1. Could you pull out the residue among Cys252, Cys245 that is surrounded by 13 or more Cβ atoms within 10 Å (Cβ to Cβ), closer than 19 Å to Ile160 by Cα and modelled with pLDDT of 80 or more?
2. Among the residues in region 384-396, are any farther than 30 Å from Ser703 by Cα, in a helix (DSSP H, G or I) and in contact (Cβ under 8 Å) with a residue 12 or more places away in the chain?
3. For residues in region 547-604 being hydroxyl-bearing (Ser, Thr, Tyr) and not in a helix (DSSP H, G or I), which is surrounded by the fewest Cβ atoms within 10 Å (Cβ to Cβ)?
4. Got at least one residue in region 284-303 being part of a loop (DSSP other than H, G, I, E, B) and either modelled with pLDDT of 85 or more or among the aliphatic types (A, V, I, L, M) (or both)?
5. Can you pull out the residues in region 195-219 that are exposed (fewer than 13 other Cβ atoms within 10 Å of the Cβ) and assigned to a loop (DSSP other than H, G, I, E, B)?
6. How many residues, within region 492-515, are surrounded by 15 or more Cβ atoms within 10 Å (Cβ to Cβ) and over 25 Å from Phe552 (Cβ atoms)?
7. Within region 397-435, can you find the residues that are part of a loop (DSSP other than H, G, I, E, B) and either surrounded by 13 or more Cβ atoms within 10 Å (Cβ to Cβ) or touching a Cys at 6+ places or on another chain (Cβ under 7 Å) (or both)?
8. Step by step: first the residues of region 255-283, then only those that are small (Gly, Ala, Ser) and at pLDDT below 70, then the one that is farthest from Asn679 (Cα to Cα). Which residue is that?
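The values are calculated or read from the model by the stated rules, or taken from the named source; none is laboratory data. Note that the coordinates shown come from a computational prediction; the quantities given were computed from them, not determined experimentally. Neighbour counts are summed over all protein chains in view; Cβ atoms, including those assigned to glycine, are modelled from backbone coordinates with ideal geometry. Surface areas here come from the heavy atoms of the whole protein model, side chains and all, with no ligands, DNA or RNA. Shrake-Rupley method; radii C 1.70, N 1.55, O 1.52, S 1.80 Å.
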Amino acid sequence: REMKRGDAIELKPVKVGDREQEYLLRVTFDQMLSAVQVNDFQEPICFKIVGVARQWLKKNLTLNGRCKVGERYFRISQNLAKTEAVTKGNQPKEAMESQTATLMHTPWSGMVAILDGYNKVIDPVNVLQSVANDLMVEPGQKGDAAIPKPNDEEDTKKAIRLAWERKVVGKTVITMFNKAVYKIDAVLWDQTPESTFIFQERTQQGKQTKQTTYAQHVKDFYEIEITEVGQPMLKAVPKNKKESCQLIPEICYVMGIQGDGKTATQQLAKINPADRFLAAKSAAESINSCPSRKENPKTKLHEWYFQLGSEPISADARKLGSVKVQFKDSVEIKDGDLSKSIRLGLLSGAVITQWLVIGPSSLTTWTETMEKLAKPMGITLSPPKIVDFVNIKQTSELQKVLEEHVTDDTQLVLLMTHGVTETVTEWDLTQAYTLLKRFCCLTKPMASQFLRSDVLKKARAPVKNMIRLVLQINGKLGGESWRVEVECEKTKPFFHRPTMCIGIDVFYNKEDNSKCLGFVASLGRENLEYISLATMIPADSAGAMSEKIQDFLREAFVAFARKNNELAPEHIVVYRGSARPEDLELIEQSEVGAFLAFIKNVKPMTALAYSDSNKPPTSSSSSTARVSDAKPYNPELHFLAVRENVELRFYSPDEKAKASSEAASSTDDGGATNPIMCNLKPGMVIDDPLLTPWGYPSFYLNSTQASAGVSIPSLYSLLHPNPAKDDTLSTAAPLQELTYRLCYGYFNAVMSIGVPAPLQYARKLAEFVGTSIKQDPHPRLQNTLYYL
């Protein structure tokens with residue numbers, strides 16, 4: 001009932017055991033909340049209401065025939081519960097359909113509901129039959145082909161065990177009878193469904209300890225009859241660490257993309273933009289048309305005076321123009337694809353005359369292929385010195401080979417291996433890779449490459465992979481594959497004076513809770529040369545990040561001045577990757593603050609640029625500031641936080657499909673139809689403030705072409721300068737143009753990528769150092785892309 005401030009409700013006494021206990025419920029009225037308060041990004045109540053509304057939306061996922069699988073909700077095909085043999089080859093796959101709902105808060109428009117749909121691929125046959133399909137010689141062979149027999153030869157047993165490990169170890173499986181998801185840790189060859197275990201059963205008398213077999217347990221509780229009692233058990237990662245979890249392969253189905261039919265499976269997993277758009281609209285309709293009941297999200301939202309719109313938000317977008325890229329000849333790129341232009345020849349190829357190949361002699365044909373591919377590109381690749389080395393597991397022997405054959409004149413070390421075999425595991429390959437990289441990054445600084453024959457052979461297009469390998473080696477040894485025209489009329493505000501582009505990223509290693517800082521800065525106007533710096537950051541040191549950034553800035557400025565006739569950068573553009581929403585304030589305070597503190601303390605710059613040289617800078621009448629100038633140094637700093645994999649999904653009307661649809665329906669009655677949607681094209685920019693979160697000036701940029709599924713743009717938020725204090729929004733369009741053009745400068749991909757090249761280099765560097773060498777690399781490697 002309606003109450004006034006201070007009113008109390010006294011409940012009747014409740015008898016508890018032999019005594020009565022009184023309860024007093026006091027209701028306190030605070031105040032009404034206005035829409036402005038609810039939508040205010042700075043109000044704590046805003047985040048509370050967003051969390052409550054998000055939970056109500058998620059409840060809708062239990063409706064309309066969906067069931068919970070793991071932590072998500074899916075509509076599952078009934079065919080997945082059947083175990084049927086299929087022929088070897090490209091097996092048909094099935095997918096579980098799901099719709100997701102979440103909320104995003106924007107300071108300018110309040111809460112925005114994000115509705116999406118996606119598929120999860122499941123193998124239609126159980127694990128036992130799937131392994132048998134991989135091993136069978138004749139179509140229709142039953143699941144017992146996957147079970148080792150006592151009289152089998154030793155090689156046959158090894159092949160069967162290897163097939164099991166490849167199929168399930170490290171993979172995710174689902175048991176369809178209870179819709180539970182597990183990650184498989186190992187195959188238990190000493191246990192079968194006939195093995196016994198002890199469990200506790202809840203009865204009316206309490207918990208009782210019982211002993212039974214795995215096969216009998218699933219028969220008693222789930223009415224499933226196990227047909228192959230000799231199959232091994234699967235060890236799964238338990239949800240409770242104090243428990244153990246074993247699964248019968250015959251009732252498990254592998255989830256995810258794998259196997260010979262990987263291409264077709266990827267197409268099934270990736271929903272095309274048109275269908276995904278319709279799935280999102282269907283989710284909105286299901287929420288708004290849900291029958292009225294207490295748990296109905298629509299009813300709950302209306303209680304708080306919220307309403308879910310029936311149509312998606314429309315926003316204006318701009319399409320940036322084509323990008324000129326210089327190979328041997330200059331080409332205009334409109335769709336982000338550089339692969340066709342590689343045949344023109346690289347801008348400048350590396351000259352490799354002294355290189356060492358370590359590996360089995362049977363794999364030397366790969367080096368011959370590399371030489372054939374390198375010549376048309378303009379890369380000089382002389383015949384290598386080959387050392388026959390077979391046992392990749394013997395890391396001590398590998399260390400001796402490296403110490404014996406690597407000299408100061410060696411430019412490149414290539415380690416080749418067959419990959420995973422019956423005797424070599426992934427762990428063995430990781431150990432060999434780590435040894436190679438640590439030797440070539442710490443002991444003898446030089447370029448190195450690790451080549452796995454099994455990966456190349458499984459690839460759909462081995463030649464394309466070999467071309468990428470050659471491009472990697474060219475980049476590691478200082479070759480310039482192509483040049484992007486970043487300096488043009490559209491980016492003129494940044495390049496009428498010297499400009500440095502910087503990428504910063506942090507890699508977090510979950511295995512040992514360590515983190516590594518990657519810092520990559522351009523050294524020229526054309527963004528072809530970089531200085532790459534990395535270091536491990538102590539986890540318990542709050543100020544270490546700021547200190548290291550200032551140290552790296554000093555080294556970058558020195559290198560920039562030496563490359564540019566003692567000129568200092570007067571524009572600094574920073575791209576900070578892995579920027580989570582909750583970290584933005586800290587990044588602004590510590591990292592942006594580190595840049596500003598460094599710039600403020602650069603006085604005089606002569607001492608900085610010539611700390612190890614007595615040669616004074618040359619005089620010049622140029623109006624551009626030099627490092628020897630005595631006037632205060634005050635460059636323009638643009639600091640952008642970059643976030644990939646944003647929640648929002650963007651769709652663009654397909655004009656061609658729209659025209660065809662209108663022509664086909666011109667004779668109909670003219671009823672309303674859903675628009676046909678397609679992916680964003682490379683170069684699409686959306687900077688509508690209604691769709692930008694976090695309270696900073698931001699823009700979305702789609703810089704790459706999605707091969708399958710839906711394209712996801714990256715979000716760039718300007719942390720500095722502060723638009724409330726500095727009138728710098730006039731540089732928004734040139735900054736977007738510069739960002740897009742930098743996405744073409746990554747030498748490890750023959751296409752435009754999702755983030756600017758300096759940031760992608762910093763990300764690769766941080767991950768490489770943080771996982772493989774875990775030490776500061778040798779200083780001689782700073783001016784190379786050794787980490788590609």
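1. The unique qualifying residue is Cys252.
2. Yes, that holds for at least one residue.
3. It comes out as Ser578.
4. No, because not a single residue in region 284-303 is part of a loop (DSSP other than H, G, I, E, B) and either modelled with pLDDT of 85 or more or among the aliphatic types (A, V, I, L, M) (or both).
5. Gln204, Gln205
6. 1
7. Once the filter is applied, which keeps residues that are part of a loop (DSSP other than H, G, I, E, B) and either surrounded by 13 or more Cβ atoms within 10 Å (Cβ to Cβ) or touching a Cys at 6+ places or on another chain (Cβ under 7 Å) (or both), region 397-435 yields Val406, Thr410, Gln411, His418, Gly419, Val420, Thr421, Val424, Thr425.
8. Selected residue: Gly259.
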